[in-house]
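The values are calculated or read from the model by the stated rules, or taken from the named source; none is laboratory data. These numbers come from a predicted model, not from an experiment. Glycine also receives a Cβ, built like all others from the backbone with ideal geometry; neighbour counts cover every protein chain displayed.
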Amino acid sequence: MAQGRRRQLEAALVAHGSSVDVDAVCALCVSHLSVSGAGATVLTRIGEASGDGLRRGLVHATNEISSGLEDLQLTVGEGPCLDAFASGGPVLISDLAAETTRWPGFSPGALKLGAAALFSFPLEVGVVRLGSLDLYRDVPGPLSGELLSDALILADLVTQAIVHELDGHAIEDLSWLDDPHAEVHQASGMLQVQLDSSTEVALLRLRSYAYTHELPITEVARQVVSRKLRFRPDDDPTSSAGM
């Protein structure tokens, strides 16, 4: 039955003149699963098994809110995408307003962006995790059993599309992919030198500054890379930049 349903979803892509690629599957998620937006994130570990040790190599989002939710998770280091990647299982939040204690750094910002329900699914090839498929709704409510089954199939189609795009590259090699957060990695490296610290501490300082000043971490990183912002070892990490 699952194979039959998979063929139907693949046929829906073809009917819209689309191949099985990440953009097309995310668009189908929105139209078929009655969600407000979808994003696919590819992740690889660069350090310890935590949000601090993850690098993003590819992000596709169907709208600005989906993109904002991905950026917010990178900024605060928590959220459903990271939990799905870490656990290898779906993270299903039908009412985000009732889950604020689970992600105290992420939930208020996500609600402010307009997300009321969130559903994240790990992208896996065997035991190897590639990232997550992240869906949101602007009103609370669960996915029905049928839609949940279809979401799992669509997550598998996203995985298939990503593996196809790897095209001979090792799964852990994301250097060839478009990395929207490349400046974050570059800024973290600069902060390691400025602070004489580890990568994890440098990223924590970036996140602290971004969170305290209500800025995207990508904007803070851009200021660091352009040398408009400099961190000092003896600064308070919640207000840690000086010119």
Testing M190 on (1) outside any strand (DSSP E or B); (2) in the same structural domain as A40 (by TED's automatic domain parsing); (3) at pLDDT 85 or above, one condition comes back false. Which one is that? (2)
Within region 34-48, identify whether any single residue is surrounded by fewer than 20 Cβ atoms within 10 Å (Cβ to Cβ) and at pLDDT 80 or above, and answer yes or no. yes
Considering only region 110-160, state which residues are in a helix (DSSP H, G or I), more than 13 Å from C29 (Cβ to Cβ) and either in contact with a Ser or Thr (Cβ under 7 Å, 6 or more places away or on another chain) or among the β-branched types (V, I, T) (or both). T159
Checking G89 against (1) part of a helix (DSSP H, G or I); (2) within 22 Å of G145 (Cβ to Cβ): exactly one of these is not met. Which one? (1)
Search region 14-31 for residues that are at pLDDT 75 or above and pair each with any residue that is β-branched (V, I, T) and in a loop (DSSP other than H, G, I, E, B) when their beta-carbon atoms are under 9 Å apart and the residues are at least 6 apart or on different chains. V14/V20; D23/T62; C26/T62; A27/T62; C29/V35; C29/T62; V30/T62
Scan region 205-217 for residues that are at pLDDT below 80 and surrounded by 18 or more Cβ atoms within 10 Å (Cβ to Cβ) and jot them down. R207, Y211, I217
